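Asker: Can you keep this structure in mind? I'll have questions shortly.
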Amino acid sequence: MSAVNETLIRDVVAEVLGRLGGSATVPKPASQPAPPPAVVPACGCPPPTKTPSSSARHRFGVFQDANEACAAAHDAFQQLSAKGVAGRTRVVEIIKTLCEANAAEWGRIELEETKIGRLDHKIEKLKGQRGIPGVEFLQPYGLSGDHGITLEEYAPFGVIGAVTPITHSIPTMACNIISMVAAGNAAVFNPHPGAAQCAVTAARAFNEAIRHELGIENLACIIESPTLESFDALAKNEHVKLLCVTGGPGVVKAAMASGKRAVCAGPGNPPVLVDGTSCLNNAAQCVVFGAAYDNNLLCIGEKEVFVLEPFYDQFTAALEKNGAVRLNDAQVERLAKEAFVFPAGQGAGCPHPVVNRNLIGRDPAVLAKVAGATMPAGTQLLFAETAADHLFVEEEQMMPFLPIVRVKTVDEGIVQAKRAEHGYKHSAIIHSHDVANMTAMAKALETTLFIKNGSCLAGLGSGGEGYPNFSIATTTGEGICNPRTFTRVRRCVMVDKLRIF
Ligand code: NAD
């Protein structure tokens, strides 16, 4: 057998094996067309050809080893560069289309694997990828003057190492890929181990479709069995020029200690202030909608409410009218006892209890059972009055239970809200028609998202103006991630008589 035939057979076998591991949910191409021609440079030279190393072929982005994944992503970055902006645009469309087409199935497998959140909202989060900005977001900044022309362009970094949370595994990976590839980068993901398999399914589908349509392999790689060690290898790899982490305080700290530049979408504990100057029913409706969304897994989700005392009764009655169920003191304490675990050797005075993962993102019915409460079917949210220093106020608990705190003045409400937010500078919400109160709260908390008279989701374009993203770079200050977040600004200067007037 000739060497050529041998290689051909090896490739076919590898392809079949790769496809056997592929997603059954991905629409398969009717036939395998040849990859589109590469962009030919204006100078007429042959286009750069880069083929992935044989070990990285037919992997559809799925790797065990972080260093192998980074090398494959680096190859893919170079292939993407050769395809120009048209290639990036095509990839963005592929990711959005696959998320829409597979929303029901991928929502189901994510819920099945993680056991947290709600299926309807998991599906919505995948369909919502359509609104993530693409290449159109990268408008260069141009200057023209007596000394010539200058252009500041948004250039890619290369390979980006990304970490995704258990709370929105596929949605975060998908919107990261859209933003990163729109900006011309490739990516390697170290997903949360508790949500890795669903992410692998989606990543495999993305890479398979990208390879089919553009001939690029391994543009969005993923570590199949992610660990802290694989994160470490990712962070240290020479090809990784930027990190993007979405998660709690631990991963933010690890990314910032890595020595690499990091975009950190960190934790939140969003407070709400209701001062009684706006419609209380609208406030209650918005709070129930936001806090119940995906069983309060959203980092932007309403986590505690401060209400001016004279409006407390009317506001809490409106919560009930809008589908929330009130718990009494004894029920809250039963729930709190299960919800917060104190590490061995530390008493209830420990400032940092661990939130019980078995209750995070669970249905209100599960929490009601733990609390010893009954609730009608279809209940969206549980709530109860608590003190301002209750653990449910202090901790980012990510459960469909909302502590409501009475405050005597707006100033007291702002002080308590700032305290509960812990300086994360993530998200805060006010229901008010008093501009001075709005401004005072915004100035005091300095949060990345500040929403007035809407639910938290209005901050991500659902019911408010703006584009969505599941990575909100709070800690490092880039804000709601978009393609520009993943670029380097490069200035190109031409000194000459170039003006036409
Ligand atoms: P988590 O911090 O437990 O895990 C997040 C990711 O970081 C996972 O992939 C995990 O494996 C990894 N990780 C954790 N510690 C690490 C370490 N020391 N080194 C390397 N990797 C590490 O968070 P979670 O439970 O998956 O998600 C919920 C948290 O994420 C909440 O705090 C929420 O506010 C935050 N979050 C923030 C945003 C945002 O845009 N700012 C979005 C979603 C979630």
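Asker: Return one whole number: the accessible area per residue of the chain in Å², for a 1.4 Å probe.
Answerer: Numbers: 21610 Å² over 501 residues.
Per residue, the chain has 43 Å² of solvent-accessible surface.
Asker: Please work out how many pairs of lysine residues in the range 271-465 are eight or more positions apart (or on different chains) and have Cα atoms closer than 26 angstrom.
Answerer: Number of lysine pairs found: 22.
Asker: Classify the range 410-457 from the C-alpha gyration tensor, please: rounded if a/c falls under 1.5, else prolate or oblate depending on whether a/b exceeds b/c. Write down the numbers at each step before the final one.
Answerer: Working: a/c = 1.74, a/b = 1.11, b/c = 1.57.
It is oblate, given that a/c is not under 1.5 and a/b is not larger than b/c.
Asker: Show me the ranking of peptides 126-133, 459-466 by mean Cβ neighbours inside 10 Å, starting with the highest. Mind showing how you got there, number by number?
Answerer: Working: 126-133: 20.5, 459-466: 16.5.
Packing order, densest peptide first, comes out as 126-133, 459-466.
Asker: With every protein chain present, what accessible area does V354 have (1.4 Å probe, heavy atoms only), rounded to the nearest 10 Å²?
Answerer: Using a 1.4 Å probe on the heavy atoms, I get roughly 80 Å².
Asker: Under 8 Å for C-alpha pairs, at least 6 residues apart: give me the relative contact order for the chain, rounded to a whole percent. Don't jump to the answer; show the numbers that get you there.
Answerer: Working: 1027 pairs, mean separation 93.2, N = 501.
With pairs under 8 Å counted, the relative contact order is 19 percent.
Asker: Then there is this: Which distance in Å, rounded to a whole number, links the C-alpha centroids of the range 444-466 and the range 419-436?
Answerer: Measuring centre to centre over Cα atoms gives 10 Å.
Asker: Sticking with this structure for a sec: Please report, as a whole percent, how much of the solvent-accessible surface of the chain comes from carbon and sulfur atoms (probe radius 1.4 Å). Kindly include the intermediate steps, with their values, before the conclusion.
Answerer: Values: 12330 of 21610 Å².
Ligands and nucleic acids excluded, carbon and sulfur reach 57 percent.
Asker: Right, another one. Could you sort the peptides 476-485, 218-227 by per-residue average Cβ neighbour count (10 Å cutoff), highest mean leading?
Answerer: In decreasing order of mean packing, 476-485, 218-227 become 218-227, 476-485.
Asker: If DNA, RNA and ligands are ignored and the probe is 1.4 Å, what is the ranking of V159, V355 by accessible area, most exposed first? Present the calculation step by step, with values, prior to reporting the outcome.
Answerer: On the way: V159 0, V355 25 Å².
If we order V159, V355 from most to least accessible, we get V355, V159.
The values are calculated or read from the model by the stated rules, or taken from the named source; none is laboratory data. Keep in mind that this is a model prediction, so the values were computed, not measured. Every residue, glycine as well, gets a Cβ built from its backbone with ideal geometry; the counts of neighbours run over all protein chains shown. What goes into the accessible areas is simple: the full protein's heavy atoms, side chains included, and nothing from ligands, DNA or RNA. Shrake-Rupley method; radii C 1.70, N 1.55, O 1.52, S 1.80 Å.
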